[in-house]
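The values are calculated or read from the model by the stated rules, or taken from the named source; none is laboratory data. Model, not experiment: these values are computed from the prediction. We place every Cβ from the backbone using ideal geometry, glycine too, and count neighbours over all the protein chains shown. Side chains included, ligands, DNA and RNA excluded: accessible areas come from the protein's heavy atoms. Shrake-Rupley method; radii C 1.70, N 1.55, O 1.52, S 1.80 Å.
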Amino acid sequence: MNDAELAAHLAKIAGRILLEVRESGVFEGKALGDAGDETANEFLCHALRAARPDDGLLSEEEKDDTSRLSKSRVWIVDPVDGTREYGENRSDWAVHIGLAIDGVATTGAVALPGLDGGVVVRTDEVSALPDAAKAPRFLVSRTRPAKEAIAVAEAMGGELVGMGSAGAKAMAVVRGEAEVYLHSGGQYEWDSCAPVAVAKAHGLHCSRIDGAPIKYNRENTYLPDLLICRRELADEVLRLVAGL
């Protein structure tokens, strides 16, 4: 399998594993989230090390092996993005498998196992974006919407749409369910690497909220802000954010 095929294959299998853990009935709430995280992480890390032994690996659920910093190719993984939503039996959670090459998110897949039939959105299978809504829909946290998103949505006559995980939000833009995902509440590299790779492949704008490019495989993995949106909206969104 090439890199994109591998990412999609592993994301799909990890999604199945997570559904089986949830459907076992053994765990609930936080314990379910912990069990899902640990089980999916063990599978993904073993699989990636077996399939790509020379590449680096960064996972939310593993101690950081800083040898990755000397490598050009680094897989960046979030076994369950939206652990809370997963533990609450919601559908808005995701599995992220991203590959950064020389610090740039290039290849990957985001699985949405909670959707009917399971969905995997990937960098090597690109479809045209559906028509945008006349009033832009801004995806925000269900509990902590970013103040910038609130202000920009108001200025653009847009609508706020609450949703769970970062991957679910980013893929909602890819799938035409919204136009803008503007986040400033704090994230890490594993929260956005795969979603950014997939969003870029589908022709969306991806940057920091000041317009700077997003860099991965850094020593400090904290990456607090993100903009994924329709290209035709990017300039206006960035201008409005800069004015706040």
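Here are a few things to note about the model shown:
- Spread over its residues, the convex hull of the C-alpha atoms of the range 67-144 is 159 Å³ per residue.
- The range 1-68: C-alpha gyration tensor shape, a/c 1.5 cut-off, then a/b vs b/c: oblate
- The Rg/Rh ratio for the range 104-244, using Cα coordinates for both the radius of gyration and the Kirkwood hydrodynamic radius, is 0.93.
- Size of the range 134-192: Rg and Dmax of its alpha carbons, in Å, are 10.7, 32.
- Option label - Cα extents along the principal axes in Å computed here, alternatives [x] 48, 42, 31; [y] 51, 41, 36; [z] 52, 33, 33: [x]
- Antiparallel DSSP beta bridges within the range 101-244, percent to nearest 5: 65 percent
- Sparsely packed loop sites in the range 18-88 (the trypsin sites (Lys or Arg not before Pro) outside DSSP H, G, I, E and B with at most 12 other Cβ atoms within 10 Å) comprise 63.
- When both bridge partners sit in the chain, DSSP labels roughly 70% of those beta bridges antiparallel.
- Axis of helix 29-51 versus longest Cα principal axis of the chain: the two differ by about 70°, to the nearest ten degrees.
- Evaluated with a Cβ-only charge set (Lys, Arg +1; Asp, Glu -1), the chain carries a dipole of roughly 400 debye about its Cα centre, given to the nearest 20.
- Packing around the peptides 222-232, 167-177, taken as the average count of other Cβ atoms within 10 Å per residue, puts them in this order, highest first: 167-177, 222-232.
- Cα gyration tensor category, rounded, prolate or oblate, for the range 1-135 with a/c compared to 1.5: oblate
- Accessible area per residue, Å², the chain with all protein chains present, probe 1.4 Å: 44 Å²
- Equivalent ellipsoid semi-axes - Cα gyration tensor, the range 116-160, angstrom: 26, 16, 9
- Of all lysines in the structure, those lying under 29 Å Cα to Cα from residue 12, and not within fewer than 8 positions of it along the same chain, are 30, 63, 71, 169, 200, 215.
- For the range 175-227, the equivalent ellipsoid derived from the alpha-carbon gyration tensor has semi-axes of 19, 12, 10 Å in decreasing order.
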